[in-house]
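Read the structure below first, then the notes.
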Amino acid sequence: MSEDAVRSAYSGLAELYIELLGSIGSVHAGDLEFIAGHLGGTAGPVLDLGCGPGHLTGFLHSLGADVSGVDLVPEFVAHARAAHPAVRFEVGSLMDLERADGSVAGVLAWFCLIHLDPRELDGALAAIRRLLAPGGTLVLGMFEGAAVEPFDHKVLTAHRWPADELSDRLAGSGFAEVDRLFRGQEGDRRPYVVLAARAV
Ligand SMILES: C[S@@+](CC[C@H](N)C(=O)[O-])C[C@H]1O[C@@H](n2cnc3c(N)ncnc32)[C@H](O)[C@@H]1O
């Protein structure tokens, strides 16, 4: 999926997305615990890539993390800046951020890689790995299923992934999985997996 397609799909729905999903109350308490446990106490810069409305960036900031948010969608970044004035946000792509190699200690990629064509995942993981210092932590949230397959996500086509396949892809991109969390179907929320991985 091209970045233009992702940007334009989310731009058109930004207001609704912010209303429905743009606050910390929309995130499962167990997910917040997982994110806090792996990234809340990070010493060094943390990036929330594909931060959307910025609620998780704000959450990590409230835990004392030196975090900033990045998203393709200007409407999300404008909202995030207004909602979290003490936090830095920028419009940009995780694929070509102007940051030195190894300059960040943690990355949150919370459902921001879901729209990639499966052939594009390794490139995105490599871009994230480039940013992370050895020993740095990635927390990755993705829809989960028995096979890699597309589905009709409300914004635009997304993919579900088997957790072990994601873990293998991470290993092939210079990461080692250290933790995982499954969340099954809840209401209309699809099953997903959250992986924490160390840059090796
Ligand atoms: C499903 S939303 C998740 C947003 C936010 N993390 C949340 O939990 O609400 C996916 C987000 O990833 C962003 N995104 C997708 N590809 C990106 C890229 N290459 N660089 C930066 N952001 C990207 C989209 O603009 C969108 O805001």
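The values are calculated or read from the model by the stated rules, or taken from the named source; none is laboratory data. The model shown is predicted, which means the values in this text are computed figures rather than measured ones. FYI the Cβ positions are ideal-geometry reconstructions off the backbone, even for glycines, and counts take in every protein chain you see. Ligands, DNA and RNA are stripped out before the accessible areas are found, and what is left, the full protein with its side chains, is counted by its heavy atoms. Shrake-Rupley method; radii C 1.70, N 1.55, O 1.52, S 1.80 Å.
Of all residues in the range 1-24, those satisfying the criterion of being farther than 23 Å from LEU121 by Cα, open to solvent by less than 70 Å² (accessible area, probe 1.4 Å), in contact with a His (Cβ under 9 Å, 6 or more places away or on another chain) and not polar (S, T, N, Q) are ALA14, ILE18, GLY22, ILE24.
Report whether or not ALA43 is away from the ligand (no atom under 14 Å from the Cβ) and crowded, with 22+ Cβ neighbours inside 10 Å. Before you say what the answer is, go through the steps one by one.
Details: away from the ligand (no atom under 14 Å from the Cβ): yes; crowded, with 22+ Cβ neighbours inside 10 Å: no.
The answer is no for ALA43.
Only one of ASP71, ASP66, ASP31 is near the ligand (Cβ under 9 Å from one of its atoms), at negative phi and of a type outside the set (A, V, I, L, M); which? Spell out how you get there, then give the answer.
Details: ASP66 fails: near the ligand (Cβ under 9 Å from one of its atoms); ASP31 fails: near the ligand (Cβ under 9 Å from one of its atoms).
Checking each option against the conditions leaves just ASP71.
With respect to GLY52, is the statement that it is within 13 Å of the ligand (Cβ to nearest atom) and within 13 Å of the chain's Cα centre (by Cα) true? So GLY52 passes the test.
The rows are residues; the columns are (1) out of contact with any Cys (no Cβ under 7 Å at 6 or more places or on another chain); (2) surrounded by 22 or more Cβ atoms within 10 Å (Cβ to Cβ); (3) farther than 29 Å from ASP168 by Cα; (4) hydrophobic (A, V, I, L, M, F, W, C).
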site	(1), (2), (3), (4)
ALA80	no, yes, yes, yes
ASP101	yes, no, no, no
ARG119	yes, no, no, no
GLY123	yes, no, no, no
ALA126	yes, no, no, yes
GLY136	yes, yes, no, no
GLU149	yes, no, no, no
